[in-house]
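Structure record follows, encoded as structure tokens.
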Amino acid sequence: MIRRFSTLYVGHIELEQCGLAGIPADDRRYPNARLSETFETATALAQATDALGYDTLWLAEHHFQHEGYECIPNIPLLAVDLAHRTRRIKIGCAFNIVPTWHPLRLAEDYATADILTKGRVVFGVGRGYHSREVETFGNPMLDAEANRELFEEQVEIILKAFREESFSHQGKHYTIPPEVPYRGYRLKEITLVPRPVHQPLEVWQPIVSGSARSLDFMARHGIKGVISATAEQFVERWLRDYQAAAGRHGRNLQLGEDVILGFRMCLDDSEARAMDRARPYFEEHAKFMAPLGMLRYSEEQVKAVAARQAQSPTTATLENGVANRSWLCGPPAHIVGYLKEVEARYPGLQHIMIAWALGTPRELMIEQLTRFAREVMPAFR
């Protein structure tokens, strides 16, 4: 049953002239003072969600986006600051882009954040989708297979570091530790110091194409899934595939268990008014994301996501998004009704995440968070 609610902020600043007729994505460039505004917005959202009873504020890690779309480069560092400005809200990593890190450095930073925040940082891993950031860090995405192999090995190292008293690793990309002399002996194992102290440690990963390989990897390592802003036909398919993968690895889950289901949303007194408010930001989001191959509203688009192929922003419409339930627009009572249907369809589902498109102003996000908390969440408490 649905009992937990969270929100996602990917780190955008407020953008002028949003929409397909507005400023082209590649023509946007902002000074450092504007890009730094993302931290003020993160603070405002953390304090709002904390006061309104949300479970988690999820943040996205991205790099080098002078266009102002995703401007948070280090979630564990920001999470420590936000935890000290709030009382109880958890700060989720959605997601750390593992190929931009050395896996042991990411493990150390997260463990430090876990201890300093008394367990209020939630760990998440992703492969990333923006070649500008991944290649700049020296791990070029020569092809999807090379990137996937690197990511999987890095995650395995991180989980060993978290879960084992001491460990070693010999793989395609890493030998840890190197066999070097240390105080009179050859180094064979190392220990992460400190390790996360709040257990059991949850690890989350996005489900973006529903590939059998990715779901098997997640199930094998006990990683939980996040499905966000995806047409409901794929949600149904991927939840069943995730459940089946978990079963093959000895975890008998109810349908929807260990998965967060996310929607983009706009509340208003009618569906038409909600769509009018959301439309410029929907279009801005599509304008940025489609060339990166990250829209998941149709079968064709999901195939493009899996192949890392560019999509056309004009093939995505808010009407389609509302029809396929990747977007929820309308009065709170209608949203409650649909989420009750989802709850009945997926008996293991406990956690719903709401979010807004790139460029949505801070005041509008807080207004929507407030209304959702007061008019939707009580129906599930």
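The values are calculated or read from the model by the stated rules, or taken from the named source; none is laboratory data. Just so we're clear, the structure is a prediction, and the values are computed from it rather than from any experiment. A quick note on method: Cβ atoms are made from the backbone with ideal geometry, for glycine too, and the neighbour counts reach across all protein chains shown.
General remarks:
- Candidates Glu363, Glu341, Glu299 - the one that is over 20 Å from Leu8 (Cβ atoms) and at pLDDT 95 or above: Glu341
Results for (1) of a type in the set (Ser, Thr, Tyr); (2) more than 30 Å from Tyr297 (Cβ to Cβ), shown as yes or no for each residue.
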residue	(1), (2)
Ser166	yes, yes
His173	no, yes
Pro177	no, yes
Tyr182	yes, yes
Glu189	no, yes
His198	no, yes
Pro206	no, no
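- Screening Ala79 on (1) within 20 Å of Leu159 (Cβ to Cβ); (2) assigned to a loop (DSSP other than H, G, I, E, B) shows it passes everything except condition (2).
Here is a yes/no grid of residues against (1) closer than 23 Å to Gly128 by Cα; (2) in contact (Cβ under 8 Å) with a residue 60 or more places away in the chain; (3) among the aromatic types (Phe, Trp, Tyr); (4) out of contact with any strand residue (DSSP E or B) (no Cβ under 6 Å at 6 or more places or on another chain):
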{"position": "Asn324", "(1), (2), (3), (4)": "no, yes, no, yes"}
{"position": "Ala344", "(1), (2), (3), (4)": "no, no, no, yes"}
{"position": "His351", "(1), (2), (3), (4)": "no, yes, no, no"}
{"position": "Ile354", "(1), (2), (3), (4)": "yes, yes, no, no"}
{"position": "Ile366", "(1), (2), (3), (4)": "no, yes, no, yes"}
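- Thr117 vs. criteria under 21 Å from the mean Cα position of the chain (by Cα) and either at pLDDT 95 or above or under 27 Å from Cys266 (Cα atoms) (or both): yes
- Residues within the stretch 151-180 that are assigned to a helix (DSSP H, G or I) and hydroxyl-bearing (Ser, Thr, Tyr), tallied: 0
- Only one entry of Ile91, Ile2, Ile13 meets the criterion of being touching a helix residue (DSSP H, G or I) at 6+ places or on another chain (Cβ under 9 Å), assigned to a loop (DSSP other than H, G, I, E, B) and farther than 22 Å from Leu292 by Cα, and that entry is Ile2.
- Pick from the stretch 37-71, criterion in a loop (DSSP other than H, G, I, E, B) and surrounded by fewer than 18 Cβ atoms within 10 Å (Cβ to Cβ), ranking: nearest to the chain's Cα centre (by Cα): Phe64
- Among the residues here, Arg374 does not qualify as within 19 Å of Arg3 (Cβ to Cβ) and modelled with pLDDT under 95.
- Residues satisfying the stated conditions in the stretch 332-381, i.e. aliphatic (A, V, I, L, M), within 30 Å of Leu35 (Cα to Cα) and assigned to a helix (DSSP H, G or I): Leu364, Met365, Ile366, Leu369, Ala373
- Cβ-Cβ distances below 6 Å connect the following pairs, each with a first residue in the stretch 187-200 that is touching a residue at least 12 places away in the same chain (Cβ under 8 Å), a second residue that is part of a loop (DSSP other than H, G, I, E, B), and a separation of six or more residues or different chains: Glu189/Ser166; Glu189/Ser168; Ile190/Pro177; Thr191/Ser166; His198/Gly119.
- Any hit, the stretch 183-191, residues being in a loop (DSSP other than H, G, I, E, B), at pLDDT 90 or above, small (Gly, Ala, Ser) and closer than 30 Å to Leu116 by Cβ: no
- Residue, nearest to the chain's Cα centre (by Cα), within the stretch 72-94, restricted to residues that are surrounded by 21 or more Cβ atoms within 10 Å (Cβ to Cβ) and either modelled with pLDDT under 95 or more than 25 Å from Arg34 (Cβ to Cβ) (or both): Gly92
- Among the residues making up the stretch 16-36, those that are in a helix (DSSP H, G or I) and surrounded by fewer than 17 Cβ atoms within 10 Å (Cβ to Cβ) are Asp26, Asp27, Asn32, Ala33, Arg34.
- Residues in the stretch 215-241 that are under 25 Å from Arg105 (Cβ atoms) and touching a residue at least 40 places away in the same chain (Cβ under 8 Å) were compared, and the one that is surrounded by the most Cβ atoms within 10 Å (Cβ to Cβ) is Val226.
- Consider the stretch 195-219 and keep the residues that are charged (D, E, K, R) and part of a loop (DSSP other than H, G, I, E, B). The one that is farthest from His351 (Cα to Cα) is Arg195.
- Filtered residues of the stretch 339-381 (kept if of a type in the set (Lys, Arg) and either surrounded by 15 or more Cβ atoms within 10 Å (Cβ to Cβ) or under 22 Å from His285 (Cβ atoms) (or both)): Arg362, Arg371
- Residue tally, condition of a type in the set (Ser, Thr, Tyr) and buried (at least 22 other Cβ atoms within 10 Å of the Cβ), over the stretch 323-338: 1
- Residue within the stretch 106-115 that is out of contact with any Pro (no Cβ under 9 Å at 6 or more places or on another chain), surrounded by fewer than 19 Cβ atoms within 10 Å (Cβ to Cβ), in contact (Cβ under 8 Å) with a residue 24 or more places away in the chain and in a helix (DSSP H, G or I) present: no
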